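Encoded as structure tokens, the structure appears first; notes follow it.
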Amino acid sequence: MTANAKPAAGAPRPEDVLDPTRALVPVVQQVNETRVRRGFWPKVRRTASRIPFADQLLSVWFAARDPQTPAAAKGIMFAALAYFVLPTDAIPDIFAGIGFTDDAAVIAGLLATLGANIKRRHKDAALAALERLRDAD
């Protein structure tokens, strides 16, 4: 796509997928879910040992993929996970010590509002996934 090209009709603009008020718009949900499906595990594998909220992040991932999680909660969860996956965000992840501060804040905010949707099974699956990641290192 060139700099002057216009997005296809109905396609979300890049700023739409970052706008929390649009997180439940079906096309935005689809973009976020696709972005997470492609980028989540590669980024988690690279960063899990450096982020203290990896267990919470993974709990959200397992909840977002759970068919029993309400659709509206999933939409917000995928938006938060897509923010984590994005290579550019408010505080670039390359800054040691503070790079994941914004991502942690997004996950903390999500847990404060939708934490009831994160079940014990999601937390257990997250801890098991972290253990597998550690064993792979």
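Residues considered: Thr69, Thr47. Of these, the only one that is of a type outside the set (Asp, Glu), on the phi < 0 side of the Ramachandran plot and part of a helix (DSSP H, G or I) is Thr47. For the range 84-137, the set of residues classified as part of a loop (DSSP other than H, G, I, E, B) and either modelled with pLDDT of 95 or more or among the acidic types (Asp, Glu) (or both) consists of Asp89, Asp93, Ile118, Lys119, Asp137, listed by residue number. Among the residues of the range 110-137, those identified as closer than 23 Å to Pro20 by Cβ and surrounded by fewer than 13 Cβ atoms within 10 Å (Cβ to Cβ) are Ala112, Thr113, Ala116. Candidates Ala79, Ala71, Ala23: the one that is out of contact with any Pro (no Cβ under 9 Å at 6 or more places or on another chain) and modelled with pLDDT of 90 or more is Ala71.
The values are calculated or read from the model by the stated rules, or taken from the named source; none is laboratory data. All of these numbers come straight from a predicted model, not from anything done at the bench. Quick reminder, even Gly has a Cβ in these numbers, built from the backbone with ideal geometry, and neighbours come from all protein chains shown.
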